[in-house]
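Where a number appears in this text, it was derived from the coordinates with a stated rule and is not lab data. Every value quoted in this text rests on a predicted model; they were computed, and no experiment measured them. Note that each Cβ is placed from the backbone with ideal geometry, even for glycine, and that neighbours are counted across all protein chains shown.
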Amino acid sequence: MDRIVIRGKQPLSGTIPVSGAKNSALKLMAACLLTEGELLLENMPRLADTRFMAHLLAHLGVKAEEQSGNRLSLTAANLAGTTAPYDLVRKMRATFNVLGPLLAREGKAKVSLPGGCAIGARPVDLHLKAMEALGAKITLEEGYVLAEAPAGGLKGGHIVFPFVSVGATEHAMLAAVLAKGTSKLENCAREPEIEDLANCLNAMGAKVSGAGTGTITIEGVSSLGATVWPVVADRIETGTYAMAAAAAGGDVTLTGMVPAHNQALWADLREAGVTVEEGETSVRIVRNGPIRAVDMQTAPYPGFPTDLQAQFMALMCLADGASVIRETIFENRFMHAPELTRLGARIDVRGNEAVVRGPAPLKGAPVMATDLRASVSLVIAGLAAEGETIVSRVYHLDRGFERLEEKLSACGADIRREKEEA
Ligand SMILES: CC(=O)N[C@H]1[C@@H](OP(=O)(O)OP(=O)(O)OC[C@H]2O[C@@H](n3ccc(=O)[nH]c3=O)[C@H](O)[C@@H]2O)O[C@H](CO)[C@@H](O)[C@@H]1O
Ligand SMILES: C=C(OP(=O)(O)O)C(=O)O
């Protein structure tokens, strides 16, 4: 197993190209199941999660071919089956989103209950209610969801989500595009990844309107066709490197991204004393002076993303004063706090609130995390800490960060990957 070794206290300076968004790429990949035509995805991030999703799609009969220039060709001309087995679903959340497309195209699907980051219970009840609203019959059997469309296929339906769910909104869209009639989805998630998926589906011939707002309307069509689609830039990777630059200090420009997708973070970074200069498709982050403590609460988009909460906590460890961080999306997403404490941070967690008391003189130590964003928060803290920080369980990082060490080293970070001793 690999580990990441960081010698901190090197200011960062340079340019980091932002990759395509993991959380969009995975749902776009699932969309290939809706058509016999080729879905050619550009700006694909090369990640453990996208590889894993490709394995699942291959199992379902999809011809998946990586092409130069971060392109992935997916063709589901002949499906080999409609079952997504436990071993190919358990590692991550987005694999569950193959259920809707299979159900819409083949009239049935059998999909294992999903895995994903261990950050809370993460049920799939909203996904299943959405499928039922489109006419599907759902049963649970031995850890699998069995879904069956009515004779003649899924029908347009009215879905009012009781609370906002990114995955359920995307899943409902992925099924409703091929349903007969019109579907109306209310209280939808508004994340940029939802718009990316809707725009790609429309390019395939779907009729989806309202994505990016709370109400999405879908007029079902009888079939979808081939398209070429560039994956939207990863706003979580963007925010992560922005906070790495703020924590380590220096002057870093992130390129190939959409500044508007991180407004909540930019506001908090500016309040913390960090300079954020937004360009058309880039953002420059400069931090020379002290960091001010800022309170923050996660919220669905356009609020502060839960996927950047751990990184923000790492930054606040360095701030002058106390900051209160409230996690409102997942009930168990402070697993990084005890690990940050190993590096010298002072953090009190009570329920869904963490009080971070800075500035803590961080010192390198061996640490490990239990999920993707928690792991990268330890990398950020390591960049600001004196001495050597060793982050184990790198497979979490590999799920969602493409060439992390390369991108940070190019900006002057002393960071390397090595084999863990047995
Ligand atoms: C692969 C992917 O895109 N993952 C992202 C997606 O996860 P994911 O789509 O799983 O997150 P959701 O928005 O669905 O989850 C929000 C909340 O709703 C709950 N819930 C969700 C569905 C459901 O059927 N029942 C239910 O109770 C969840 O447990 C959570 O507490 O959005 C999250 C919130 O921005 C991000 O942190 C994840 O990185
Ligand atoms: C929680 C995440 O991913 P997943 O939903 O796949 O667990 C994440 O990307 O931070």
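Computed about its Cα centre, the charge dipole of the range 330-422 is approximately 200 debye, with only Lys, Arg, Asp and Glu carrying charge at their Cβ.
In the range 146-221, Cα pairs under 8 Å separated by at least six residues give a relative contact order of 33 percent.
Between rounded, prolate and oblate, where does the range 274-422 land on the alpha carbon gyration tensor, with a ≥ b ≥ c its root eigenvalues, rounded for a/c under 1.5, else prolate if a/b exceeds b/c?
Rounded.
Could you work out the relative contact order of the range 40-102, using alpha carbon pairs under 8 angstrom and six or more residues apart, expressed as a whole percent? Kindly include the intermediate steps, with their values, before the conclusion.
Details: 72 pairs, mean separation 20.6, N = 63.
The normalised contact order for the range 40-102 reaches 33 percent.
At 0.36 nm per residue, minus the direct Cα-Cα distance, what do Tyr395 and Leu113 gain on full extension? Give it in nm, one decimal, please. Write out the running numbers ahead of the final one.
Working: separation 282, 0.36 × 282 = 101.52 nm, distance 2.16 nm.
Separation in residues times 0.36 nm, less the Cα-Cα distance, equals 99.4 nm.
Computed over neighbours whose Cβ is under 13 Å from that of Gly181, the net charge equals +3, Lys and Arg +1, Asp and Glu -1.
Exceedance of the 19 Å cut-off in Cα-Cα distance is limited, within the set Lys110/Lys137; Lys63/Lys207; Lys22/Lys129; Lys22/Lys137; Lys9/Lys363, to Lys63/Lys207; Lys22/Lys129; Lys22/Lys137.
What number comes out for the charge environment of Ala133, summing +1 per Lys or Arg and -1 per Asp or Glu over other residues with Cβ under 13 Å away? The partial results should precede the final answer.
Details: positive: Lys129, Lys137, Lys155, Lys184; negative: Asp125, Glu132, Glu186.
In short, +1.
As a calculated quantity, the FRET efficiency between Arg403 and His158 at R0 = 41 Å, using C-beta atoms, amounts to about 0.40. For the range 1-89, the Kirkwood hydrodynamic radius from C-alpha pairs, put into Stokes-Einstein at 20 °C and a viscosity of 1.002 mPa s, yields a diffusion coefficient of 144 µm² per second. Partner aspartates and glutamates whose Cα lies under 15 Å from the Cα of Lys155, excluding those fewer than 8 positions away in the same chain, are identified as Glu106, Glu132, Glu219.
Answer rounded, prolate or oblate for the range 316-395, using the Cα gyration tensor with square roots of eigenvalues a ≥ b ≥ c: rounded when a/c is under 1.5, else prolate when a/b is larger than b/c, else oblate. Please list the in-between numbers first.
Working: a/c = 2.30, a/b = 1.15, b/c = 2.00.
Cα axes put the range 316-395 in the oblate bin.
In this calculation the C-beta distance from Ala77 to Arg46 is compared with R0 = 30 Å, giving a FRET efficiency of 0.75. Antiparallel beta bridges, as assigned by DSSP with both residues in the chain, represent about 70 percent of the total such bridges. Under a Gaussian network description of the chain, with springs only between Cα atoms under 10 Å, the residue in Arg51, Arg350, Arg270 that fluctuates furthest is Arg350.
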